[in-house]
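The values are calculated or read from the model by the stated rules, or taken from the named source; none is laboratory data. The model shown is predicted, which means the values in this text are computed figures rather than measured ones. Here the Cβ positions follow ideal geometry from the backbone for every residue, glycine too, while neighbour counts run over all protein chains shown. What goes into the accessible areas is simple: the full protein's heavy atoms, side chains included, and nothing from ligands, DNA or RNA. Shrake-Rupley method; radii C 1.70, N 1.55, O 1.52, S 1.80 Å.
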Amino acid sequence: MDRGGGDPAAPDTRQRSCPSAPAAPGSLLLGVLGADGRIHNLRTAMTVDQDFLDAAGTNGPVEARMRFAGRCQTSGCSQWTGTRCGVIDRAMAHLEAARQSPVAADLPPCVIRGDCRWFAQAGPAACGTCSLIVTDTREMTAAE
Ligand code: SF4
């Protein structure tokens, strides 16, 4: 799926937002991990600064408990396949949620949907899987 607005067969060259970016000053806080194991998206855009990250990081890596959005780096990112982001493709291939694509009225709130890389690639099915993706799983892996 290509939501770039042009020829659907053409490569998507529009600058997109990465919905699972490293936490850095200037990143947008996209959502917070809830007790249900899902990311709950904010309804209002919030840009984080170093003070926020320092405070939030006192309890471990912030990417294990929060998701941040930043500029999609395309070929500058190890997850880039050459034409698309591999993270959402792999997640959708493995998660049942992807097969239960939400209808538009049930899409979760999201401050970056207009230029989200994953939504541009996969549409609402990406949003159905998105809340199950944690950027940094080191803590969880270590706890298993
Ligand atoms: S996949 Fe959907 S919910 Fe997740 S960041 Fe992109 S637009 Fe937002």
Take region 115-135 and flag every residue that is without any contact (Cβ under 8 Å) to a residue 60 or more places away in the chain and more than 8 Å from the ligand (Cβ to nearest atom). ALA125, GLY128
Would you pick out the residues in region 50-89 that are within 23 Å of GLY114 (Cα to Cα), of a type in the set (D, E, K, R) and open to solvent by 60 Å² or more (accessible area, probe 1.4 Å)? ARG71, ARG84
Cβ-Cβ below 9 Å, separation at least six or inter-chain, first residue in region 46-68 and in contact (Cβ under 8 Å) with a residue 24 or more places away in the chain, second assigned to a helix (DSSP H, G or I) and basic (Lys, Arg): which pairs? GLY60/ARG138; PRO61/ARG138; GLU63/ARG138; ALA64/ARG138
All positions within region 40-49 that are in contact with a Pro (Cβ under 6 Å, 6 or more places away or on another chain) and exposed (fewer than 13 other Cβ atoms within 10 Å of the Cβ): ARG43, ASP49
Identify all residues within region 65-78 that are within 18 Å of ILE39 (Cβ to Cβ) and either at pLDDT below 95 or charged (D, E, K, R) (or both); write none if there are none. ARG65, ARG67
